[in-house]
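Right, one structure below, let's go through it.
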Amino acid sequence: MSAAIALRQAGIDAHVYEKAERLQEVGAAIALWPNATLVLKRLGVLESLARKSAPILESEIRTWRGRPIKKWTIPVLETPALFTHRADLQAILLEAVPHSVLHTGKSCVALDEREDRVTARFSSGETVQADGVVGADGLHSSIRALLHGADRPGYRGYTMWRSVVPFAHPALRHGLKIEWWGPGRRFGIALNGLGRMNWYAAANVSQPPKEQTGNLREDLLKMFSGWAGPVCEVIGATEESAILQNAILDRPPLAQWGRKAVTLLGDAAHPTSPNLGQGAGMAIEDALCLAQCVRGATRLPDAFRRYEALRKKRANGTTKGSGLVGNMAQWSHPLLVAARTAFLRTFPVRLWERQLKKMYSYKLEIS
């Protein structure tokens, strides 16, 4: 949707073909750091989104027993960092385009690629012709599979659970995000706007869960029994049906994202684990870069290759960094856990905040 808005603002008649039969409330909270909210401001949707979101002003890591490890302030930049509900973001993006732009129930199964024309064929047998196709269809992208083969994403060795609940606790003040880290497990909470609280948990699991069982809350209460803070209170206050379970998967970087008049965007091109909260941010940055490259271009394939060249280093670097943070955060050996705690406590806060500012202040201007 971000790409459709950006492209239409650049004068392109962009349409969205969505596999789902209808759009409904899905997912939980989503972090949007200043690099993403700056793009959303340029797309004209940030003000509406901020009214339904909560700011992220500072962040803290504690041990599973509640002892402080690291605390830092989110850099003050042109636009804020926000926690919002994915459904609210989706709804606000949908409001920014005409209803005729979105076509649901469209599962792409084949592409006929020409240098100046692409025909997409859907499972219904319907075909659509366009000057170009952008595969923005996520981790299990059908467009990526058509371009590069149907390989399976790799499992990172841990699983995450998430939810959004109406919950208040003295430990959770306005603008503060807290994570508790233990051996092979993590738990995080933050306000999410409109009186809601977002929580997420991660734990090492040898094999990715094949389906969402009916005892997730009970399993999580056992998994995090004895943890400090409101961890178990939050889990206990969550309805079983409101808990989402996802194995953490990603893929190695692609040497080339697209070909001819077809390209990829977001998780379809560079699936990112959630450890830096930049999955959505990278996709939203992609959207603006794509529109800037396409605007005024004489040949769409050339514009797509330029977009890919401009985005690869940034997106792949963020994906790699997120994976490294996730690996460290999921260490379970006592010596590694102790070393991790010592490293984080002694790492200079100013240097930490400087690195975050570098990531969050990213701007792409194409002449």
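The values are calculated or read from the model by the stated rules, or taken from the named source; none is laboratory data. This one's a predicted model, so the numbers in the text were calculated from it and none came from an experiment. FYI the Cβ positions are ideal-geometry reconstructions off the backbone, even for glycines, and counts take in every protein chain you see.
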Residue satisfying condition, being hydrophobic (A, V, I, L, M, F, W, C), assigned by TED's automatic domain parsing to the domain that holds G135 and either farther than 16 Å from G277 by Cα or at pLDDT below 95 (or both), within set L94, L82: L94
Meets criteria (modelled with pLDDT of 95 or more, hydroxyl-bearing (S, T, Y), touching an Asp or Glu at 6+ places or on another chain (Cβ under 7 Å) and not in a helix (DSSP H, G or I)) for T159: no
All positions within segment 277-309 that are of a type in the set (A, V, I, L, M, F, W, C), under 30 Å from A329 (Cα atoms) and without any contact (Cβ under 8 Å) to a residue 60 or more places away in the chain: M282
Matching residues, segment 221-271, being under 23 Å from the mean Cα position of the chain (by Cα) and among the acidic types (D, E): D250, D267
Test set (1) out of contact with any Leu (no Cβ under 9 Å at 6 or more places or on another chain); (2) of a type outside the set (S, T, N, Q); (3) not in a loop (DSSP other than H, G, I, E, B) - G296 fails condition number: (3)
Filter result for R121 (crowded, with 17+ Cβ neighbours inside 10 Å and either part of a strand (DSSP E or B) or charged (D, E, K, R) (or both)): no
Residues being over 14 Å from R162 (Cβ atoms) and either surrounded by 14 or more Cβ atoms within 10 Å (Cβ to Cβ) or under 20 Å from the mean Cα position of the chain (by Cα) (or both) - total across segment 184-220: 9
Residue tally, condition buried (at least 18 other Cβ atoms within 10 Å of the Cβ) and either closer than 24 Å to W352 by Cα or out of contact with any helix residue (DSSP H, G or I) (no Cβ under 7 Å at 6 or more places or on another chain) (or both), over segment 301-310: 4
Residue under evaluation L244, criteria (1) surrounded by fewer than 17 Cβ atoms within 10 Å (Cβ to Cβ); (2) of a type in the set (A, V, I, L, M); (3) modelled with pLDDT of 95 or more, criterion not met: (3)
Residues of segment 38-62 classified as among the β-branched types (V, I, T) and in contact with a strand residue (DSSP E or B) (Cβ under 6 Å, 6 or more places away or on another chain), total: 2
Residue under evaluation D219, criteria (1) in contact (Cβ under 8 Å) with a residue 12 or more places away in the chain; (2) part of a helix (DSSP H, G or I), criterion not met: (1)
Qualifying residue in segment 252-263 (condition: in contact (Cβ under 8 Å) with a residue 24 or more places away in the chain, buried (at least 21 other Cβ atoms within 10 Å of the Cβ) and in a helix (DSSP H, G or I)): no
Unique match (being of a type outside the set (K, R) and free of Cβ contacts under 8 Å to residues at least 12 places away in the same chain) among S273, S241: S241
Some residue of segment 163-171 being closer than 30 Å to A291 by Cα and either buried (at least 22 other Cβ atoms within 10 Å of the Cβ) or under 22 Å from the mean Cα position of the chain (by Cα) (or both): no
Evaluation of V165 against (1) of a type in the set (V, I, T); (2) under 20 Å from G27 (Cα atoms); (3) modelled with pLDDT of 95 or more (one fails), failing number: (3)
Which numbered condition V234 misses (of (1) crowded, with 17+ Cβ neighbours inside 10 Å; (2) touching a helix residue (DSSP H, G or I) at 6+ places or on another chain (Cβ under 7 Å); (3) assigned to a helix (DSSP H, G or I)): (2)
Some residue of segment 59-67 being under 19 Å from S163 (Cα atoms) and of a type in the set (D, E, K, R): no
So R144, is it basic (K, R), in contact (Cβ under 8 Å) with a residue 60 or more places away in the chain, outside the structural domain of S206 (by TED's automatic domain parsing) and at negative phi: yes
Qualifying positions in segment 311-367 - free of Cβ contacts under 8 Å to residues at least 12 places away in the same chain, surrounded by 13 or more Cβ atoms within 10 Å (Cβ to Cβ) and not in a helix (DSSP H, G or I): none
